[in-house]
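J.: Before we start, here is the structure in question, set down as structure tokens.
The values are calculated or read from the model by the stated rules, or taken from the named source; none is laboratory data. Source: prediction; values computed, not measured. Here the Cβ positions follow ideal geometry from the backbone for every residue, glycine too, while neighbour counts run over all protein chains shown.
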Amino acid sequence: MAFKTFTASIKLLIDQERNKVLLAEAGNDFIDILRSLLKLPLGNIGLLFRKNKSLLTGCLDNLNNSVENLSLNSFRTHACKRMLLYPRSIHKDKPVQYFTCKKRGCGLLSYYETSRCSCGKLMNSEIYLEEMERDRVKDENEGGFSKVESRFFITDDLRVMKGLPGDLIQFLNKLGIKDVNMNADKELEIGSKEIFNLLSHSLISKTTLTDVFLRKQGMMLVERPLLIGPSAKETTAKDGKTRVKIMERKSDRKILYAEANEDFVDLLFSLLTIPLESVLQLVGDSYIMAGSIFNLFNDLNTIFSIAKPKTLQDYGWPKRIFSFLTHPLGSVYEFVTKSKNSKKVVLPPFYSCPNEIPDICSQQPPAYCLVTDSSSENRRYYLDSAINKREGPLKLLDPKSPEPNTTNSSGYVEKNSLFVITDDLVVKPLSSVSSISLLKEIGVAVDDVEEQVITIGGIEALGLLRACLCSSSALSDLMKVYV
């Protein structure tokens with residue numbers, strides 16, 4: 001969805017005496033843009049707020065800037081940096097590009113033109129999906145959003161309900177509003193600026209609509225409680241451990257910075273690839289972000305998950321049956337893959353890495369074969385589903401791996417690298433000079449620094465995700481609670 005060109009109408013019911021939004025009424029376009037924002041990876045949300053950095057909370061902007069400022073030599077491949085700066089979502093906003101080498105016949109396919117084929121040539125020749133396959137993928141990607149025109153009511157703290165007259169009357173009664181003549185209606189045309197403001201305020205305010213549309217100065221901020229201990233779900237997570245060296249100031253135990261290898265930095269950077277709705281799903285409880293966003297997430301999830309399909313068309317069975325008859329193996333494979341991943345946070349193909357938060361996995365890459373069309377004067381190549389073709393499927397390369405024949409999942413950052421990470425998650429290459437410069441910058445004497453080695457596992461990774469969104473001293477908050 002194009003956020004920059006987005007416009008929608010919204011009607012506000014305002015308590016004039018208290019200068020407060022009681023209710024907003026909106027259509028599908030407004031609700032769909034909110035749902036689209038929730039589906040965006042954190043890295044893309046950071047990019048959207050580049051011109052309004054003051055609206056961002058936590059350390060997200062520092063992580064984005066760190067990826068941007070690191071040289072290409074710090075990453076395993078050129079594609080790694082692009083994957084982190086512009087992370088994809090499984091809910092694709094634009095068509096995926098595919099590339100082969102100029103020879104076309106090596107049996108390899110890539111998402112990025114910077115990958116190198118097994119023959120040694122760059123895979124910079126773009127190849128397109130066959131028309132019917134392209135339409136099928138487009139339909140699949142556009143699924144899940146509102147197709148039937150509906151009206152929705154949104155409260156000041158972003159509770160959302162279907163816009164039925166009975167619901168409105170019930171809601172007004174709960175608010176004790178008996179005389180609607182005492183309130184004013186206001187109809188607005190809103191664009192991307194208001195949507196971004198709404199998203200940022202939803203993280204920190206319980207009166208989001210009032211803050212965005214009525215208050216010219218300040219917000220009704222909600223004090224964030226200190227991040228608290230891990231939940232039962234987290235304590236059962238089984239995962240590896242990453243060692244991190246923490247530098248503390250002896251005099252007051254303040255965390256100065258951390259030194260770590262590529263494993264920890266992969267964990268940090270992988271946070272940028274997680275969609276916002278998946279973050280809310282992972283962190284769970286509303287004490288993490290004491291604003292309104294959990295209301296929005298929970299209600300939209302309920303509204304668009306609870307409706308029961310009434311026809312075979314609603315279930316999507318006509319397409320499924322046709323797909324099974326024409327691509328039987330592919331349909332079974334897709335069903336098994338989706339069932340396997342149903343309880344996890346699912347990222348696009350190749351986005352997961354060995355050092356990341358538990359319960360995250362990547363989609364299986366699509367299976368396509370190379371088809372040659374010799375009917376025209378110029379030979380034409382395109383991609384089609386490989387399931388019912390004689391040609392074998394092309395191997396889609398892991399863009400994070402510099403070797404075309406690698407099958408193991410790899411991380412983003414170059415192996416055997418060392419980094420320095422500040423308390424607010426600025427990441428830089430580690431050198432003796434950088435450490436001394438950092439101590440000079442923060443005014444700490446070398447003899448006032450103490451080293452402590454900690455381990456970061458699944459529990460700590462979730463805590464780091466929370467701290468990244470809510471705190472400007474993520475390492476300190478993590479040390480207070482999780483280590």
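J.: Quick test of your reading of the structure: residue 331 fulfils all but one of (1) at pLDDT 55 or above; (2) among the small types (Gly, Ala, Ser); (3) farther than 23 Å from residue 89 by Cβ. Name the failing condition by number.
T.: Here residue 331 meets the rest and fails (1).
J.: Can residue 18 be described as of a type outside the set (S, T, N, Q) and in contact (Cβ under 8 Å) with a residue 12 or more places away in the chain?
T.: Working: of a type outside the set (S, T, N, Q): yes; in contact (Cβ under 8 Å) with a residue 12 or more places away in the chain: no.
It is false that residue 18 is of a type outside the set (S, T, N, Q) and in contact (Cβ under 8 Å) with a residue 12 or more places away in the chain.
J.: Now a separate question. Which residue pairs have Cβ atoms closer than 7 Å, lie 6 or more positions apart in sequence or on different chains, and pair a first residue in segment 355-384 that is under 15 Å from residue 97 (Cα atoms) and in a strand (DSSP E or B) with a second residue that is among the polar types (S, T, N, Q) and modelled with pLDDT under 85?
T.: Matching pairs, first to second residue: 368/385; 381/372.
J.: Further question: Report yes if residue 427 is in contact with a strand residue (DSSP E or B) (Cβ under 7 Å, 6 or more places away or on another chain), β-branched (Val, Ile, Thr), surrounded by 17 or more Cβ atoms within 10 Å (Cβ to Cβ) and more than 15 Å from residue 244 (Cα to Cα), otherwise no.
T.: Spelling it out, it is not the case that residue 427 is in contact with a strand residue (DSSP E or B) (Cβ under 7 Å, 6 or more places away or on another chain), β-branched (Val, Ile, Thr), surrounded by 17 or more Cβ atoms within 10 Å (Cβ to Cβ) and more than 15 Å from residue 244 (Cα to Cα).
J.: Is at least one residue of segment 395-407 crowded, with 21+ Cβ neighbours inside 10 Å, part of a strand (DSSP E or B), in contact (Cβ under 8 Å) with a residue 24 or more places away in the chain and touching a Pro at 6+ places or on another chain (Cβ under 9 Å)?
T.: No, segment 395-407 contains no residue that is crowded, with 21+ Cβ neighbours inside 10 Å, part of a strand (DSSP E or B), in contact (Cβ under 8 Å) with a residue 24 or more places away in the chain and touching a Pro at 6+ places or on another chain (Cβ under 9 Å).
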